[in-house]
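Scroll down for the structure; my scribbles are underneath it.
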Amino acid sequence: MNRELFIDGLILGVILLNITGCATTPSGTVANVYDEKPSNAAENYAYLGRQYLFQNSLDLAEARLQHALKLDPELPAAHHDLAVVYTKMGRFDSADDQYRLALQFAPTDYTILYNYATLLYNQGRYDESEKQLLALIANPDAVNRAQAYEALGLIAIKNNQIEQAEVYFGQALGIAAELPRTLLELTKLSITAERLSLARSYLQRYQEIARDTPEGLWTGILLGRAQNDSAMVSDYSQRLRVKFPDSPQARQLYAERISKPSD
């Protein structure tokens, strides 16, 4: 079976929700500076910085957030948002520093933990990313635990821990049944393990909630080939050629047709 184009294709996404603004309380809970109107100058500058960040006005966001931190160096929301700004600027070392500071003042904040894990994952620092994600899932109140389990599954695949990856993906679906990336990864793993009926079930669930992508269509082609389903192969191949003619997967398909015209 050709697995060359089982492309990871994942860049973990940053979440800009529920960032804590105040220092952690003795109970371990955190208060969100953006739940209500900013109560002081530092929070006001942090709020303005985030609005500029949403507009992708990175220089203005950086200036406002830096000013907020001059007024209150222990404001986790400002450290976090500045980390996102630096990530977008490609200043990854500075982003790392800001995430560490954010977690120093809000160590249980699940959004900061996830977004820091994202930075680490996208830099190939999988063990460090895993550490942040494990801290996140330890919090039963974290609203992004499903995404964290999904990311842990991807890290397990990177580490060739296939059984563990399937466990993590199963836990992700147990929390949120409609996770396209998780369903696609489980489709791939099931094809590799020759559990083809299960693979088809995962692929069908994936298609119900996701738009066509080159990776998803290529996975359908591989499943069709594994099941000797020529109609399925033809359908997915046609969609791939029409919708994504310049994709690596389509080029692979063209190359196969040239080398084996009867396919």
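Just a few scattered comments:
- Proportion of all alpha-carbon pairs of region 64-163 beyond 15 Å (%): 60 percent
- Tensor-based shape of region 44-109 (alpha-carbon gyration tensor, a/c under 1.5 rounded, otherwise prolate or oblate): oblate
- Counting only Cβ charges, +1 for Lys and Arg and -1 for Asp and Glu, the dipole size of region 188-263 around its Cα centre is about 40 debye.
- Take the convex hull of the alpha carbons in region 102-213; its mean projected area over all directions comes to 7.2 nm².
- For LEU217, net neighbour charge (Lys/Arg +1, Asp/Glu -1) across residues whose Cβ lies under 12 Å away: +1
- Here, P(r) means the percent of Cα pairs in each 5 Å bin from 0 to the largest distance; for region 121-178 it is 5, 22, 30, 25, 15, 3.
- Of all lysines in the structure, the ones whose alpha carbon falls short of 17 Å from that of LYS158, not counting any fewer than 8 places away in one chain, are LYS131, LYS188.
- Spatially, region 151-166 and region 192-263 are offset by 23 Å when compared through their Cα centroids.
- Counted residue by residue at 0.36 nm each, then reduced by the alpha carbon distance between them, the extension gain from SER57 to ASP93 reaches 10.9 nm.
- Extending 7 Å from Cα along the Cβ direction at ARG251 and again at GLN164 yields two label points whose distance is 3.4 nm.
- Computed from point charges on the beta carbon alone (+1 for Lys and Arg, -1 for Asp and Glu), the dipole magnitude for region 73-159 about its Cα centre is near 200 Debye.
- Exposure proxy ranking for SER247, SER230, based on other Cβ atoms within 10 angstrom of each Cβ and starting from the fewest, stands as SER230, SER247.
- Per-peptide packing, taken as the mean over residues of other Cβ atoms within 10 Å, places 51-60, 78-87 in the sequence 78-87, 51-60 from highest down.
Any read-out appearing in this document is the output of simple, stated calculations on the displayed coordinates, not a laboratory observation. As the structure is a prediction and not an experimental result, all values here were calculated from the model. Cβ coordinates were reconstructed from backbone atoms using ideal geometry, including for glycine residues, and neighbour counts include every protein chain displayed.
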